[in-house]
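Written out below as C-alpha cells is the structure these notes cover.
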Amino acid sequence: MSAQNDTPETSGETVKLLIDGVEIPAREGQTILEAAADAGIYVPRLCYREGLPPGGHCRICTVKVNGRPTSACTFPASEGLVLENNTDELNTMRRQVVEMLFVEGNHVCPSCEASGDCELQALGYRLGMIAPQYPYQNTTRELDASHPDVMLDRNRCVLCGRCARASRELDGKSVFGFEGRGIGKRIAVNASHGLAGTDIDAADEAVAACPTGCLLVKRQANLIPVGKRTYDKTPIGTDVEA
Amino acid sequence: MVETDVVNRIVQQFGGDRTRLLDMARAVHAELGHISEETVAALAKALDVPRVEVRDMVSFYAFFFREPHGTNVIYLCHAVVERMQGADDIARALEEATGTTFGASDPDADITLRYTSCIGLSDQAPSALVNGVPVTNLTVDDVPELVAALRGGRDITRLRQAQVGNDVRTAGQVIFAPTERGAAVRKAVTMTPDAIIEELNVARLRGRGGAGFPTAMKWKFCRQAKEDVHYVVCNADEGEPGTFKDRAILALQPNLVFGGMTVAARALGARKGILYLRAEYEYLLRDLESELDKRRHLGLLGDNICGCEGFDFDIRIQLGAGAYICGEESALIESLEGKRGAPRARPPFPVEHGYLGKPTSVNNVETLCCAARILVEGGAWFADIGTKDSTGTKLLSVSGDCTKPGVYELEYGLTVLQLLERVGAENAQAVQMGGPSGQCLARKDFARSISFEDLPTGGSVIIFGPERDLLEAMRQFTAFFAEESCGWCAPCRVGTTLLEKCLQKILDGKGTFSDLEALETLGETVKTMSRCGLGQTAANPILTTLRNFPILYADRVRSDDGVMAFDLERAKEECCSVAGRAPATGEETP
Ligand SMILES: Cc1cc2nc3c(=O)[nH]c(=O)nc-3n(C[C@H](O)[C@H](O)[C@H](O)COP(=O)(O)O)c2cc1C
Ligand code: SF4
Ligand code: SF4
Ligand code: FES
C-alpha cells in the first residue's frame with residue numbers, strides 16, 4: 001500500500017500561495033490543506049486526519065488549483081499557486097458529496113451514539129445540508145459486534161480509510177483494509193471474520209481515528225450527554241479558524 | 001491441505017515476491033478454480049503479509065471467483081453494442097440450454113454463466129469468452145452446439161464460432177503498413193537517446209491512449225528523472241467499451257509493438273519493460289510470447305541488443321484480471337505491483353514515481369507502434385500526415401449500426417460524416433465518439449473533424465441507427481461506470497450509481513423536469529469532484545446527451561405539476577420533530 005499513502009516530500013523552503021485572494025505562506029511540498037490550516041483557513045475535509053498520511057477518498061477537500069479541481073489534502077504547495085476554496089460552487093459540490101455519503105450508508109443520526117461528535121454530521125451542518133436530496137440506497141452492511149470492547153457498524157462507514165491508516169501507521173498493526181470495489185466496497189478486518197479475530201485494542205489509534213459512529217468503544221455510549229459533545233456548540237472547522 | 005500445498009508451490013515459483021501477487025493469485029485461481037478465504041489466508045501466510053491485504057487485492061478483480069463454480073465458465077459480453085446485436089437473445093438461449101441462470105453460482109453445475117463488459121470484439125458481436133476462448137458472431141442457433149461441446153468435454157477451439165476476425169478495413173501508412181522485424185531497433189542503436197526523443201518531437205507524436213500527451217515530452221521527463229532504474233510499460237488494457245484496435249495490432253503487428261517498447265527503452269535507459277495485457281486477451285498470450293522468443297533469438301531483446309554494448313532490455317507480459325480502471329496508468333502500475341487497481345494521487349506522476357517507485361513511461365500500444373515507425377521513416381515523414389496538431393494516422397474501432405464494422409486506420413482530420421460514409425452508416429442518429437468516456441454526437445456535429453483539436457478519441461466509435469433508444473444506451477454506459485468504479489473516492493463510488501438510478505427513473509416514465517436538472521447537477525459534481533479520469537468522465541454519456549439530445553429527455557419526463565417525488569417542507573418538519581431541534585440555516589456558520 002506504500003505508494004498510495006506517501007506523504008509528499010517537504011523541502012522546507014517557504015513559498016507563497018494565494019487562497020481566495022489572500023496570500024499565505026507555506027512550506028514547499030507541504031499539502032495545501034495543511035498550509036491553509038496553518039494560516040487559519042479551513043478547507044472542509046473528512047478522510048484527512050492530522051498525523052496520518054492523506055487518503056484522498058472523500059474529495060470534500062476539493063479546491064481549485066489554478067482553475068483545476070484537486071484534493072487539497074494530497075496536493076503539494078509550490079510557489080505561486082492560485083487556489084479557490086470557500087466558493088459557492090465548491091461548497092455546493094462538497095455538500096452534495098456529503099449527501100452521497102449519507103445515502104450510501106444507513107445513518108440514523110438521532111439514535112446514533114456518535115451524534116454530536118460525528119464529523120460527517122458536523123460537515124452536513126456546516127455545509128448547509130438539510131436532508132439528502134438523493135434516494136437512500138438501503139444497502140446491506142454487516143454489523144460486527146464480535147469483539148468484547150470494540151464494535152464495527154458498517155452501516156455508518158464512509159470508507160474514509162482512517163482506521164486502516166491509523167492501524168498501520170500508528171498502532172503498527174493491520175487490523176483494517178478494504179474489500180470489493182465500486183458501491184460494493186466495504187471496510188474489512190484482518191481475520192476470517194470478525195474483529196474478535198484481530199489484535200485490535202479499544203485504546204488503539206485506529207478506533208479513535210473513525211470520524212463517524214462506525215467504530216465505537218463498547219460501554220461508552222452517552223457518557224457525554226447531548227449538548228456537551230464536540231460539535232454541539234461550535235461548527236466543525238472552528239478549531240482551525242481559531 | 002491441498003490449498004496450502006498449491007499456494008506454497010506457486011508462491012515459491014515467484015520467489016515469494018509480494019509484488020507478483022496478481023500472478024500468484026491468477027495461478028492459484030487457475031488451479032483451484034476459485035480463491036477461497038482459506039486460500040487468502042494461505043497466500044498471506046506464505047508471503048508474510050496481513051490477510052486483509054491479500055483479500056483487498058483478490059476481492060477487487062472481476063475474474064476471480066471467491067466461491068466454487070462450474071467447471072466451464074461462459075462470460076457473455078453484455079456491453080451496449082453486443083446488446084444491440086442480440087446478446088440478450090443469446091443469454092436466454094444459454095439459460096435454456098444449460099438450465100442455469102446468469103449470475104447464479106451452482107457448484108454442481110458444469111457450466112457457469114456470467115455477464116461481462118466489453119471484451120474487445122464489438123465488430124463481431126455478440127461474443128463471449130468460453131473458458132477463455134473467444135467465440136464470435138454468435139446466433140441463437142449456435143448455442144445448443146456450444147453447450148453440447150462443453151458438456152461432452154470436446155475441444156471448443158474447434159467450434160466454427162471460435163475465431164477472432166482481425167479484418168483491417170483500411171490499412172494506413174503507419175500501423176498496418178508492412179514492417180520488417182527489428183528495423184526500428186536497428187535504427188535506434190545508431191542514435192543517441194536524445195536524438196530519438198528529438199525525432200518524436202519533430203513528428204509531434206501525441207499519445208493514442210486518450211489523454212493525447214506529447215510522447216517526446218513524456219519520455220524526456222522520464223529520462224530526466226534521476227534514478228538508477230527506469231521502466232517502459234505498454235498499456236494493452238484496452239477496456240473502453242467499443243475499442244478493439246489494440247487487439248488487432250497485438251494480433252497482426254506484435255513486432256511493431258515490441259519494437260516501440262525497445263526504442264523507448266533505448267531512449268529512457270530502461271532495462272525492463274512490461275506489457276500489461278487485459279485478461280480478456282489472454283488468448284493472444286501464446287503468440288506474443290513466441291514473438292518475444294523470436295526477438296531474443298535475433299538479438300533484438302536481451303543483452304547488448306543489436307551488438308550495442310550495454311544496451312540490455314527484456315520484456316515480460318503481465319496479465320490483468322478484469323478491471324477497466326487498470327487502463328488508467330497509475331492504477332495499472334498498482335496492479336503491476338500486485339495490488340488492487342486503485343489510481344494513485346498525483347503528483348507525483350509515473351514518469352517520476354512509477355512502477356516500484358521508479359520513473360516509468362506508460363504508453364498505449366498504438367503510440368509505441370507510431371514511435372517505432374517514426375524511427376524508421378523519420379519524424380518529418382510522420383508530421384506530414386494528418387493535421388497540424390494531430391499528426392499521423394489514428395486507428396478507429398468502428399461498431400454498432402453500420403454495414404462495415406472493424407478497424408480503420410485513417411489520417412487525422414477526417415470528418416465524422418466522411419467516416420460514416422466509409423463504414424456504411426450515413427443514416428446514423430448519433431455517434432459515440434471515444435467510447436462512453438467520450439461524447440455522444442448528434443447530426444449537427446457530423447461535420448466536425450476527428451483530431452486532437454476538435455474531436456479527440458481513443459478510438460472507440462459506436463454508431464446508433466435511427467431506431468435505437470439512445471437514452472437506454474446511455475443508461476447502460478452509466479451502469480458500466482458504476483460497475484467499474486474502483487470505489488476509492490466518494491463522488492465516483494456513490495455518484496455513478498445515483499446517476500444510473502436517476503436516469504433509470506426517467507426512462508421508467510417517473511421523472512420530471514426537475515429530475516433533469518438534478519441529473520445535470522449531479523453529473524457536474526461527479527465530474528468535478530472525482531479523483532481520476534474514470535469518475536471525471538463517467539457522467540459524459542448523460543451530460544453530452546442532455547446537451548445534444550434535449551428533446552429525447554423532454555419526451556420522457558412529465559411536467560413538474562403535482563408529481564414531486566417528495567415534499568421537502570414535510571420532510572424537514574419530520575426530521576426536526578425527530579431530532580428535536582431545527583436544522584442549521586447556514587447563517588450561524590462563517
Ligand atoms: C479509466 C481510464 C481507463 C484508461 N484505459 C486505457 C487503456 O485501456 N489503454 C490506454 O492506452 N490508456 C488508457 N487510459 C489512459 C492512460 O491513463 C494513459 O494516459 C495512457 O496509457 C498513456 O499512453 P499514451 O501517452 O500513449 O496515450 C485510461 C485512462 C483512464 C482514466
Ligand atoms: S470504519 Fe470509520 S474510520 Fe474506518 S473507513 Fe469506516 S468510517 Fe472510516
Ligand atoms: S474516480 Fe472512481 S475510479 Fe477513480 S479513484 Fe475515484 S472511485 Fe476510483
Ligand atoms: S480530506 Fe482530502 S480527499 Fe478526503
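Things worth noting here:
- Global geometry of region B:169-383, whether rounded, prolate or oblate, following the gyration tensor of its Cα atoms and the 1.5 cut on a/c: rounded
- Once Rg and the Kirkwood radius are both taken over the C-alpha atoms of region A:93-233, their ratio Rg/Rh works out to 0.95.
- Using the Cβ-Cβ distance between B:Asn131 and B:Leu507 with R0 set to 41 Å, the FRET efficiency from 1/(1 + (r/R0)^6) comes to roughly 0.70.
- Among the listed pairs B:Lys245/B:Lys294; A:Lys64/B:Lys505; A:Lys64/B:Lys444; B:Lys404/B:Lys444; B:Lys444/B:Lys527, those beyond 27 Å (Cα-Cα): A:Lys64/B:Lys505; A:Lys64/B:Lys444
- Taking all Cα pairs closer than 8 Å and separated by 6 or more residues, the relative contact order of chain B comes to 13 percent.
- At full extension, B:Asp48 and B:Asp287 could sit 82.5 nm farther apart than now, given 0.36 nm per residue minus the alpha carbon distance.
- Average projection area in nm² (convex hull over Cα atoms of chain B, one quarter of hull surface): 31.2
- For region B:169-383, DSSP calls about 10 percent of its internal beta bridges antiparallel.
- The A-B contact accounts for roughly 4600 square angstrom of buried accessible surface, both chains included, probe 1.4 angstrom.
- One way to sum up the overall shape of region B:426-532 is the equivalent ellipsoid from its Cα gyration tensor, whose semi-axes run 24, 19, 12 Å, largest first.
- Rg ratio for region B:72-158: its Cα radius of gyration over 2.2 N^0.38 Å, N being its residue count, equals 0.98.
- Here's the picture: charge each Lys and Arg Cβ at +1 and each Asp and Glu Cβ at -1 in chain B, and of B:Pro241, B:Val52, B:Leu268 the one pushed furthest to the positive end of that dipole is B:Leu268.
- Spatial extent of chain A: Rg and Dmax, with the Cα atoms as the point set, Å: 18.2, 52
- The rule of thumb for compact globular proteins, 2.2 N^0.38 Å, goes into the C-alpha radius of gyration of region A:14-86 0.96 times.
- B:Trp488 contributes about 10 Å² of solvent-accessible surface, heavy atoms of the protein only, 1.4 Å probe.
- Space enclosed by the convex hull of the alpha-carbon atoms of region B:1-157, per residue, Å³: 121
- Of the DSSP H helices in chain A, those whose Cα atoms cover at least 27 Å axially and whose Kyte score averages -0.5 or more: none
- Accessible area expressed per residue, chain A, with surrounding protein chains retained (probe 1.4 Å, Å²): 41
- Nearest-0.05 FRET efficiency for A:Lys233 and A:Asp88, computed from C-beta distance (R0 30 Å): 0.70
- Cα point-scatterer Debye curve for region B:469-590, base-10 log of I(q)/I(0) at q = 0.13, 0.15, 0.16, 0.22 Å⁻¹: -0.62, -0.77, -0.84, -1.12
- Of the residues B:Ile90, B:Trp219, B:Gly165, the one whose Cα sits farthest towards the positive end of the charge dipole of chain B is B:Trp219 (charges of +1 on Lys and Arg Cβ, -1 on Asp and Glu Cβ, taken about the Cα centre).
- Prolate/oblate/rounded call for region B:393-464, Cα gyration tensor, a/c under 1.5 rounded: rounded
- The simple spin-label model puts a point 7 Å past each Cα toward its Cβ; for B:Asp560 and B:Glu309 those points are separated by 7.9 nm.
- Between the listed residues B:Pro456, B:Gly434, B:Leu395, the Cα displaced farthest toward the positive end of the dipole of region B:393-464, a dipole computed from Cβ unit charges relative to the Cα centre, is found at B:Gly434.
- Size estimate for region B:177-302 follows the Kirkwood approach: the inverse of mean 1/r over distinct Cα pairs works out to 15.4 Å.
- The calculated FRET efficiency for the pair A:Asn222 and B:Ala251, based on their C-beta separation and a Förster distance of 51 Å, comes to about 0.15.
- Beta bridges assigned by DSSP with both partners in the protein assembly as shown are antiparallel in approximately 60 percent of cases.
- Unit charges on C-beta of K, R, D, E only; dipole of region A:7-60, Debye: 240
- The apolar share of the surface of region B:72-158, taken as the fraction of accessible area on carbon and sulfur atoms (1.4 Å probe, ligands and nucleic acids excluded), comes to 44 percent.
- Annotation for A:His193 and B:Arg316: the two label points, set 7 Å from Cα along the Cα-Cβ direction, are 3.7 nm apart.
- Dipole magnitude of region B:393-464 about its Cα centre (Cβ charges: Lys, Arg +1; Asp, Glu -1), debye to nearest 20: 120
- Debye intensity ratio in log₁₀ form over the Cα atoms of region B:1-64, taken at each q of 0.15, 0.24, 0.29 Å⁻¹: -0.35, -0.98, -1.54
- Rounded to the nearest 20, the Cβ-based charge dipole of chain B about its Cα centre (Lys and Arg +1, Asp and Glu -1) stands at 1400 debye.
- Reciprocal of mean inverse Cα separation for the protein assembly as shown (Kirkwood radius, Å): 28.3
- Above-threshold pairs, the threshold being 25 Å between Cα atoms, out of A:Lys185/B:Lys218; A:Lys173/B:Lys45; B:Lys187/B:Lys220: A:Lys185/B:Lys218
- Approximating the spin labels as points 7 Å out from Cα along Cα→Cβ, the A:Ala145-to-B:Ala148 distance works out to 5.8 nm.
- Once the Cα-Cα distance is subtracted from the 0.36 nm per residue extended length, the B:Asp384 to B:Asp469 segment shows a gain of 26.5 nm.
The values are calculated or read from the model by the stated rules, or taken from the named source; none is laboratory data. All figures in this text were calculated on a predicted structure; none of them were measured in a lab. Cβ sites come from the backbone with ideal geometry, for glycine too, and all protein chains shown count toward neighbours. The accessibility values were calculated without ligands, DNA or RNA, using every heavy atom of the protein model including side chains. Shrake-Rupley method; radii C 1.70, N 1.55, O 1.52, S 1.80 Å.
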